[in-house]
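Below is one structure, written out as structure tokens; the observations come after it.
The values are calculated or read from the model by the stated rules, or taken from the named source; none is laboratory data. All figures in this text were calculated on a predicted structure; none of them were measured in a lab. No Cβ is skipped: glycine too gets one built from the backbone with ideal geometry, and neighbour counts run over all protein chains shown.
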Amino acid sequence: MEYKVKIDSFEGPLDLLLHLINQLEIDIYDIPAAEITNQYLSYVNTMQQLELDVASEYLVMAATLIAMKSRSLLPDHTEEDDEFYEEDPREELTRRLVEYKKYKEAAEKLHVLEEERTMFFSRPPSDHLFASNVEGPLHVSIYDMLGAFQKMMRRKKLAIPPKATVRREEVSVETRMKALREKLRFSKEPMLFEELFDSNERNELVVSFLAILELMKQNEIKILQKGNFAKLYVMSGGNEK
Amino acid sequence: MTNESIIESLLFAAGDEGLTAGQIAAVLEISVQDVQSLVEKMAELLRKDHSRGVMITLYGAEYRLMTKKENAEFIQKLAEKPSPKTLSQAALETLAIIAYNQPITRIEVEEIRGVKTERPIATLAARGLIEEAGRADAPGRPILYVTTSEFLDVFQLKGLNELPPLSEEEASAQQEADLFFGRFEEALEE
Amino acid sequence: MTNESIIESLLFAAGDEGLTAGQIAAVLEISVQDVQSLVEKMAELLRKDHSRGVMITLYGAEYRLMTKKENAEFIQKLAEKPSPKTLSQAALETLAIIAYNQPITRIEVEEIRGVKTERPIATLAARGLIEEAGRADAPGRPILYVTTSEFLDVFQLKGLNELPPLSEEEASAQQEADLFFGRFEEALEE
């Protein structure tokens, strides 16, 4: 079925024609109408026999080629001098082939760059960078979002072993206070109380809670609540007016 | 390339999750002890070199590359400057994940992004692009997020069904050979 | 800490979001030119130093830290997900035509390719490589397409002027003759 795959892989009639020109080793600027037409039609026939869907573009091209071929069979009725005034379908075809070939080659060069690019990896941007811009009109399109998403897809996520084997180091209340201070300073806006706990491990929960109490006591943070049972928010700057 | 170079690549790409000595050893096909002494040497060099901006930390069992504490103020300065785009890549990534997977919890978003996502979510919520929609039936009852009508507005979508498909659809949709096909066959037979 | 150290910290924190020279300059309070020459010097050192695993790239306007190509196989050994699929031939051809002729309508792309191009265009838009940029002043007001900054990233380009040159071999005497007569014909028709 290799044959089928090959035929299926042409990117349209121009691609098929370029393939034939290459195979027949003929000059793109001097295409023999009869030969190329016969070859082309036999390809299109094979496509039909293999019950491939033959896009209408292939058939339009077939018609053009047939017209070109029949024209080449007619006696040349033009005068020498008039030659260039005559609309030659071969010239038009050559122009299109040359144009298409240019981009086909450019596509190959782009592919090389694309492949190489998949060998470079980056890391996700830090959580707290650039995230605070919430004012002004939004000038962002769906394509920006898709681009960012693709960038993320290209990142490599490296596999991490099961967490069961990980032993946490002991964290002191002082260390935790320092971390919380930093976190709140970065955040600028009040943070949800729950957000201050990075880990679900019991030891750390306790240490974090003690650290929050200590920071409150030292008047470094403020806790806000809109009403009974509402969410607790924490913000820094209790001691600076 | 040297083992140091490979270790730097690995730690860099691993991001905030870091890598254990065992994982690095498996990639380099050297012993865990060798990895440990290599990484320690690298960490020491980084500490001493004032032209370098990163350090290696051991957090639990994982080695991580992090920015040096001395440079924290500059990173904060950068964080304070508005992104040249109106939404940062982090926010756009987060938004894409929520848009295509809603409703979704923050933890799930973080699993996909591989990095903490508190601030992007706060930004998107403050922008009115996402909102809370109840809680997931999971431990801790985490908040579920969905996109808002403001999201549709900003991205000029009539509905979520107008989001472009993310994966390249293979050319399976069969193109119909049209009427011309029949006529062409007739012409050939003539 | 030195400026080099701070720049490394900043680029590390920015990850694949990257930073423009202007953003770095604003943080360091030095000129954009100074940033550029500093970063270039750093990039050169990284390239040469075989004990380093990262490099600095400039795609579009953003500098980024990336792992070196030589270490790709080691990172892939640990990676959870396979490399994303590269673009199909149809998508690449379409993208090339758009890149060299932007802004351009779908019909114009189809004229060059000689085949329908709806699906490749949808794929490219979904990958964030092209975007709509208004409508052409032509019957039916067709959509105009341009490439995005993501396009520059995927193909490692600083800008559109870095696109590989279109092959020149067709600029033969024959084609020049065609061009000449083409113009000549047009002139006659007027």
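When C:L78 is tested against (1) assigned by TED's automatic domain parsing to the domain that holds C:F12; (2) surrounded by 15 or more Cβ atoms within 10 Å (Cβ to Cβ); (3) at pLDDT below 95, only condition (1) is not met. Against the numbered list (1) buried (at least 18 other Cβ atoms within 10 Å of the Cβ); (2) in contact (Cβ under 8 Å) with a residue 24 or more places away in the chain, B:L28 comes up short only at (1). Looking across the stretch C:12-28, just one residue is closer than 14 Å to B:Q76 by Cα and more than 8 Å from chain B (Cβ to nearest Cβ), and that is C:I24. Residue count for the stretch C:73-94 satisfying the condition of being more than 15 Å from A:K157 (Cβ to Cβ) and within 7 Å of chain A (Cβ to nearest Cβ): 6.
Filtering the stretch B:72-89 to residues that are in contact (Cβ under 8 Å) with a residue 12 or more places away in the chain and within 14 Å of A:S126 (Cα to Cα) leaves only B:S88.
Select from the stretch C:135-147 the residues that are surrounded by fewer than 22 Cβ atoms within 10 Å (Cβ to Cβ) and within 12 Å of chain A (Cβ to nearest Cβ) and list them in ascending order.
Within the stretch C:135-147, just C:V146 meets the criteria.
C:K69 meets the conditions (1) more than 7 Å from chain A (Cβ to nearest Cβ); (2) touching a Phe, Trp or Tyr at 6+ places or on another chain (Cβ under 8 Å) in every case but one. The failed one is (1).
Okay, residues lined up against (1) outside the structural domain of C:S149 (by TED's automatic domain parsing); (2) among the acidic types (D, E); (3) surrounded by fewer than 16 Cβ atoms within 10 Å (Cβ to Cβ):
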{"position": "C:E8", "(1), (2), (3)": "yes, yes, no"}
{"position": "C:F12", "(1), (2), (3)": "yes, no, no"}
{"position": "C:G18", "(1), (2), (3)": "yes, no, no"}
{"position": "C:I24", "(1), (2), (3)": "yes, no, no"}
{"position": "C:Q33", "(1), (2), (3)": "yes, no, yes"}
{"position": "C:L58", "(1), (2), (3)": "yes, no, no"}
{"position": "C:L65", "(1), (2), (3)": "yes, no, no"}
{"position": "C:A96", "(1), (2), (3)": "no, no, no"}
{"position": "C:I107", "(1), (2), (3)": "no, no, yes"}
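Selection of helices (runs of 4 or more DSSP H) fully inside the stretch B:1-86 by the criterion of at least 3 residues being aliphatic (A, V, I, L, M) and closer than 23 Å to C:K81 by Cβ returns B:3-14, B:21-28.
Answer with yes or no whether C:L58 is more than 7 Å from chain B (Cβ to nearest Cβ) and closer than 25 Å to C:E150 by Cα.
Judged against the criteria, C:L58 is a match.
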